[in-house]
Each structure stands twice: as C-alpha cells, then as structure tokens.
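Peer 1: One structure coming up, written as structure tokens, with questions to follow.
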Amino acid sequence: MEMAKGMYLENYLDSIEGLPCELQRNFSLMQDLDSRTEEKKTEINELASEYMAKVRDLASEERVDKHIRRLDAELARFENDLQQKLESGNQESSDEKLSKKDKNMKDKKASHGRDKKGSDQDSPKQKRQKNGPNMSESLLAMHPSDVLDMPVDPNEPTYCLCSQVSYGEMIGCDNSDCPIEWFHFACVGLTTKPKGKWYCPRCTQDMRMK
C-alpha cells in the first residue's frame, strides 16, 4: 500500500510540473517528511520489540527469584526439623543408656548380695571341701602303698597324719582350726564317709582335754 502511495505521488508530481516552484518545494518537503516518518516508525517498532523482550526477561527472572526464595525457606524449615529430631534422638539414647546402666548396677548388686549370702551360709566343712586338694584320677586309682613308693614333688602340699600327698578318698576335719585339715580314709580307719560332723584324732583328743 505504501508503494502504491509513492507511485501515486510521483505521478501526481509529474502532472504538476507546470505549477509554481513554491508548490513543488512544498510537495518535495512533504515527500521527505513522509520518508522520515516511515523510518521512525520502523525504529520505534524495533525499540518496542526490544522493550517487550526485556520485560518478559525481567518477569521470568522475578519468577525464578521467587521460586529460589521459596526453596530457601523450605530448606531452612527442613534443617530446623532435622536438628530437632537429632536432639530428640540423642536425648532418648542418653536416657536409654542411663536406664540400662542403672539396671546393670541393680543386677550386679543383687547378684553380689546373693553370692555373699550363699558364701556366708556355707559350713566350715563345705568351705574346706571347696578349697580342698585337687586329686587326679590316676592317684585315685592307686593303692596307698604304690603312692608311698612314688617320688614326691617337694613343691606339692602334703596332708594327713602320714604327711603324704593327696591320693584316694580323703575326708576333711570339721574343726576350722585343724592344722592338717585333710586325711586319707585308710590312715584314720575309715572305709566310707561318716554321717554328720567328723573330727580327726588330734582334734578329738584336744577337745576331750578341754
């Protein structure tokens, strides 16, 4: 359409060549102004397009910033919740450890009390039997005469009236102050374990003298 206007104007100018010079100058000025106007319109359109593009970019950046701020707020809230859960878990673990420690202490005290009570109730004879000599199976099967013929280890303790090492069946004196404590059945004339308390010949003689 603009091209049609230009052609029309040129044709019109050609048709008025005979008009006075002032009219021709005015028409030439109008043509020049029209050309400048078209250039300015094109420039304005380009600037408007650039402006709209910048506006869209700014709007997009604002949305991105808003989204980032929301993510930062959610991250801070998540870290706060995580810290509270960790503190709560540490407190529960500490309480559980203290409870287990108290329970173990109570169990140890109860066990110690039972052990002490049981040890206090042991008779002197039972105590001596617990702490009595360790008799090997080979010595139990030997005859007393065979044991007497064997070489004696000077470091091995001796017992009984015969001052020999432990062998065969032995019995403990119920006198807690007995210097010998353990005796061979054969040396004290026993074949079976007597019922009740039993005292060795020396302790029996000492008690009779008292």
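The values are calculated or read from the model by the stated rules, or taken from the named source; none is laboratory data. Note that this is a predicted model, so its numbers are computed, not measured. Note that we place each Cβ from the backbone using ideal geometry, even for glycine, and neighbour counts take in every protein chain shown.
Peer 1: Which residues, taken from the range 153-171, are in a loop (DSSP other than H, G, I, E, B) and touching a helix residue (DSSP H, G or I) at 6+ places or on another chain (Cβ under 8 Å)? If you could, list the steps in order and put the result at the bottom.
Peer 2: Step one: of the range 153-171, the residues in a loop (DSSP other than H, G, I, E, B) are 153-158, 160-163, 165-169.
Matches in the range 153-171: C160, L161, C162, V165, S166, Y167, G168, E169.
Peer 1: Yes or no: A53 more than 56 Å from the chain's Cα centre (by Cα), of a type in the set (A, V, I, L, M) and modelled with pLDDT under 90? Before the answer, list the steps.
Peer 2: Working: more than 56 Å from the chain's Cα centre (by Cα): yes; of a type in the set (A, V, I, L, M): yes; modelled with pLDDT under 90: yes.
It is true that A53 is more than 56 Å from the chain's Cα centre (by Cα), of a type in the set (A, V, I, L, M) and modelled with pLDDT under 90.
Peer 1: Would you say S28 is surrounded by 10 or more Cβ atoms within 10 Å (Cβ to Cβ), hydroxyl-bearing (S, T, Y), out of contact with any His (no Cβ under 8 Å at 6 or more places or on another chain) and at pLDDT below 90? Before you say what the answer is, go through the steps one by one.
Peer 2: Working: surrounded by 10 or more Cβ atoms within 10 Å (Cβ to Cβ): yes; hydroxyl-bearing (S, T, Y): yes; out of contact with any His (no Cβ under 8 Å at 6 or more places or on another chain): yes; at pLDDT below 90: yes.
Against the criterion (surrounded by 10 or more Cβ atoms within 10 Å (Cβ to Cβ), hydroxyl-bearing (S, T, Y), out of contact with any His (no Cβ under 8 Å at 6 or more places or on another chain) and at pLDDT below 90), S28 qualifies.
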